[in-house]
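Single-structure report; data block below.
The values are calculated or read from the model by the stated rules, or taken from the named source; none is laboratory data. This is a predicted model, so every value here is computed, not measured. Positions of Cβ are generated from backbone atoms using ideal geometry, with glycine treated the same way; all protein chains shown enter the neighbour counts.
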Amino acid sequence: MSTVPGQKEPTSTNDEGLFSSIKVRLASGDLGLIPVIIALIVIWIVFQILNPHFLDPRNLSNLVQQIVDIGTLAIGVTFVLLLGEIDLSIAAVSGVSAGILVILATSWTGPFGAIIAIIIAILSGIAIGVFQGLWVTLIGVPAFIVTLAGSLGYQGILLALLGDTGTVPVINPTLLAISSTYLPGWLGWLLAAITVAVFAWATLGQRQRRTQKGLKATPINQLMLRIIGVAIITSIVVLTLNLYKGIPLSALILILLVFIFGFVTQSTLFGRHVYALGGNAEAARRAGIKVKWVKVSVFILAAGLAAVGGILGASRLGAASPATGTGDLLLLSIAAAIIGGTSLFGGRGSVYNALAGALVLGSVENGMDLLSAPSSTKYLIEGAILLIAVTIDTLTRRRRIKAGR
Amino acid sequence: MSEANRPREILRVENLKKRFGAVQALKGVNLHVSSGEVLALVGDNGAGKSTTIKMVSGVDQPDEGTISIEGRAVKLNGPSIAEALGIQTVYQDLALCDNLDIVSNLFLGKELKRPLIPGVLSVVDKEEMEKRAVPVLDSLGIHLPPLTTPVASLSGGQRQTVAVARAVLWGSKLVLLDEPTAALGVAQTRSVLNLIRTLAKKDIAVLVISHNLTDVFQVADRITVLRHGETVAHYKNSEVTNEDVVAAITGASRKVEM
């Protein structure tokens, strides 16, 4: 780029329209949700053509319930990946917490007992997270090894817990209700209205603060379009789910977790520091960010969310067995975060992407099951999607490095 | 106004020595910088420039010698202590987070917050940060893309500008710059050099390390030459030629006292 000597480099265009913001995103290698949403639409169209029942409200309701545990784990994975780290233990942690939950709930059969069992199960996950986080940050053993070793160990703990009884069924009705309760239709609409109202309040509030401080603000028309977009999507979701039995309680829990942790990443100091650390850990350290504290917290979060995922999974399956948390849960959760567009290299991605990625994988699983396709085909297709997703990330990253300097 | 603008000595380094194992990296470094002044620290590779900067920024501690800030001898046992005394360092590798936007980088580690639920939950106040950054950037004559642009999409010169602006935003008295123009093109170098002069006009003391003597002569008021870990010459920019400085760097001249 040629510049007139003695003058500052040209500032980029002041037009902050949608087009230029997409250009900036392309340049910085952050495609956001664009690729995963395109993938989701393509997958849904293909399965709908192959099996006209795919987009039935009933099947979509099943679909969202099937992704609840993967989605919950993927939120935690997103945090770990944002740091540029990895946690291979989350599935095993979810297994341990599911095991603890069912064992406690066999003797505690009331609703109060269920709540105490849930709290203890989550605390067990948090304890594991503390252990792993401290081991990684204080001793400096790579997270890959600590969590891999942990994963083996927690599978051992689960085996020891369940012992010769093998599969332990969930008999506590409160626990079973988590995954068999549907919200009444009116409540679904009320929640939809609240969602849209909060979104509108947040976006318009931000615009108002920017205008007050004399900063350039996004045009009001564009914000209204976004709000209307959110309203339409929320309405379609609620309408579809209400056509079957209503919003499943477990899906509501997942969506709440996504919103809460989406807020944490975008708006809180902790969240901003997670991004800073993933972008340039040395810069973060020099800027006085408590790097170790942030790291330990992220490992605690990941393990805690894994425990919540384990509880939701145990509730849906109605049991915990020595096989809980082994299978493909780990890889699918990590894949969900990555397919959603969270970078393996740290610093880029979001919790919302994890939800989208979980939807993509869940749709493939569900669609293949509808077609009674063998597991072989399912795995091949899921593998291909993961490979494509990471390839897109790598290519945009390479483009970013080229554009960067 | 005239009182504030009269140059005061900000930094004085006397007889600084540092040994790394068998290597005596610094054998006696002396230098001083006053407010509103740009001092260039030059020397060949291994002459001890970066080591000196590390002592002044608190990253490393000297074995012997004194560092005085505004006439008081200080012990800089960590970067945060140096920072608290008004010393900001712009490192060669810039220390920016590529994935964050310009405002977030300017306020990295010092983010402003506003209460969302008073007493319970505060959120990062990006609007306020942006509002406070704009006048500082304007006063430095800095023009950047919208401050919500990610740093990854900036040019090398713009990135260097962000790094320097961050040092100034925190009201520092002394800014240390390690090879600020090393990776830049001609026009970008010129704008960074202009920025350094602007810092000096704002009464900040500036210490620049550079390999590039052309840049040094353009920007510095005084030049201190290091060779083999020792201060070998102090020059005034106006009273010295390129050849003299090169001779001092390579050891072809006698030691010049000042």
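Among the residues in the range A:55-68, are any part of a helix (DSSP H, G or I), of a type in the set (Ser, Thr, Tyr), over 30 Å from A:Gln132 (Cα atoms) and in contact (Cβ under 8 Å) with a residue 60 or more places away in the chain? Show your work before the answer.
Quick first cut of the range A:55-68, residues part of a helix (DSSP H, G or I) only: A:57-66, A:68.
So of that shortlist, the ones also of a type in the set (Ser, Thr, Tyr) come out as A:61.
So of that shortlist, the ones also over 30 Å from A:Gln132 (Cα atoms) come out as A:61.
Then keep just the ones that are in contact (Cβ under 8 Å) with a residue 60 or more places away in the chain; that gives A:61.
Scanning the range A:55-68, I find at least one residue that is part of a helix (DSSP H, G or I), of a type in the set (Ser, Thr, Tyr), over 30 Å from A:Gln132 (Cα atoms) and in contact (Cβ under 8 Å) with a residue 60 or more places away in the chain, so the answer is yes.
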* **the range A:271-285, residues that are surrounded by fewer than 20 Cβ atoms within 10 Å (Cβ to Cβ) and free of Cβ contacts under 8 Å to residues at least 24 places away in the same chain** => A:Glu282, A:Arg285
* Has the range A:286-298 got at least one residue that is over 19 Å from A:Asp393 (Cα atoms), under 15 Å from the mean Cα position of the chain (by Cα) and in the same structural domain as A:Ala127 (by TED's automatic domain parsing)? -> yes
* Asked: So which helices (runs of 4 or more DSSP H) stay within the range B:1-88 end to end and still have 1 or more residues that are in contact (Cβ under 8 Å) with a residue 12 or more places away in the chain and farther than 29 Å from B:Val246 by Cα?
  -> B:2-5, B:79-84
* Test A:Gly341 against the criterion of being part of a loop (DSSP other than H, G, I, E, B) and either within 14 Å of chain B (Cβ to nearest Cβ) or in contact with a strand residue (DSSP E or B) (Cβ under 9 Å, 6 or more places away or on another chain) (or both), and give yes or no. => yes
* Among residues belonging to the range B:230-251 that are buried (at least 20 other Cβ atoms within 10 Å of the Cβ) and under 20 Å from the mean Cα position of the chain (by Cα), point out the one that is nearest to B:Ile53 (Cα to Cα). => B:Thr231
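So, of the residues in the range B:101-114 that are in a loop (DSSP other than H, G, I, E, B) and more than 7 Å from chain A (Cβ to nearest Cβ), which turns out to be farthest from A:Leu215 (Cα to Cα)?
B:Lys110
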* To do: Could you list, in sequence order, all residues of the range A:259-272 that are part of a helix (DSSP H, G or I) and over 15 Å from A:Gly304 (Cβ atoms)?
  => A:Phe259, A:Gly262, A:Phe263, A:Thr265, A:Gln266, A:Ser267, A:Leu269, A:Gly271, A:Arg272
* Tally time: how many residues in the range B:134-150 are part of a helix (DSSP H, G or I) and facing chain A (nearest Cβ under 9 Å)? -> 1
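Rundown of residues vs (1) at pLDDT 95 or above; (2) not assigned by TED's automatic domain parsing to the domain that holds A:Arg316, yes/no style:
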position: A:Val146; (1), (2): yes, no
position: A:Leu162; (1), (2): no, no
position: A:Gly166; (1), (2): no, no
position: A:Leu176; (1), (2): no, no
position: A:Arg207; (1), (2): no, yes
position: A:Gln212; (1), (2): no, yes
position: A:Leu223; (1), (2): no, yes
* To do: Pick out, from the range A:125-232, the helices (runs of 4 or more DSSP H) lying fully within it that include 1 or more residues that are acidic (Asp, Glu), under 23 Å from the mean Cα position of the chain (by Cα) and loosely packed, with under 15 Cβ neighbours inside 10 Å.
  => none
* Structure fact -> Apart from one, (1) among the small types (Gly, Ala, Ser); (2) in contact (Cβ under 8 Å) with a residue 12 or more places away in the chain; (3) assigned by TED's automatic domain parsing to the domain that holds A:Leu81 all hold for A:Gly188; the odd one out is (3)
* Asked: Taking the range B:13-34 on its own, how many of its residues are farther than 18 Å from B:His234 by Cβ and buried (at least 16 other Cβ atoms within 10 Å of the Cβ)?
  -> 4
* **Extreme residue, farthest from the other protein chains (Cβ to nearest Cβ), among residues of the range A:244-270 that are small (Gly, Ala, Ser) and either buried (at least 22 other Cβ atoms within 10 Å of the Cβ) or touching a residue at least 60 places away in the same chain (Cβ under 8 Å) (or both)** => A:Gly246
* Does at least one position in the range A:35-51 carry a residue that is of a type outside the set (A, V, I, L, M, F, W, C) and under 23 Å from the mean Cα position of the chain (by Cα)? -> yes
* Going by the structure shown, is B:Asp98 free of Cβ contacts under 8 Å to residues at least 60 places away in the same chain and more than 8 Å from chain A (Cβ to nearest Cβ)? -> no
* Asked: Taking the range B:144-185 as the region of interest, how many residues are small (Gly, Ala, Ser) and closer than 14 Å to B:Leu96 by Cβ?
  -> 9
* Structure fact -> Scanning the range B:115-133 residue by residue, those farther than 19 Å from B:Thr161 by Cα and either within 9 Å of chain A (Cβ to nearest Cβ) or among the hydrophobic types (A, V, I, L, M, F, W, C) (or both) turn out to be B:Leu116, B:Ile117, B:Val120, B:Leu121, B:Ser122, B:Val123, B:Val124, B:Asp125, B:Lys126, B:Glu127, B:Glu128
* Is it the case that A:Ala336 is more than 14 Å from every other protein chain (Cβ to nearest Cβ) and touching a residue at least 60 places away in the same chain (Cβ under 8 Å)? -> yes
* Cβ pairs under 6 Å, 6+ apart, first in the range A:207-231 and within 14 Å of chain B (Cβ to nearest Cβ), second among the acidic types (Asp, Glu) -> A:Arg209/B:Glu127; A:Arg210/B:Glu127; A:Lys213/B:Glu127; A:Leu215/B:Glu130
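Conditions (1) in contact with a Cys (Cβ under 6 Å, 6 or more places away or on another chain); (2) assigned to a helix (DSSP H, G or I); (3) within 11 Å of chain A (Cβ to nearest Cβ), marked per residue:
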{"residue": "B:Ala152", "(1), (2), (3)": "no, yes, yes"}
{"residue": "B:Gly157", "(1), (2), (3)": "no, yes, yes"}
{"residue": "B:Val162", "(1), (2), (3)": "no, yes, no"}
{"residue": "B:Val175", "(1), (2), (3)": "no, no, no"}
{"residue": "B:Thr181", "(1), (2), (3)": "no, no, no"}
{"residue": "B:Thr198", "(1), (2), (3)": "no, yes, no"}
{"residue": "B:Val206", "(1), (2), (3)": "no, no, no"}
{"residue": "B:Phe217", "(1), (2), (3)": "no, yes, no"}
{"residue": "B:Val225", "(1), (2), (3)": "no, no, no"}
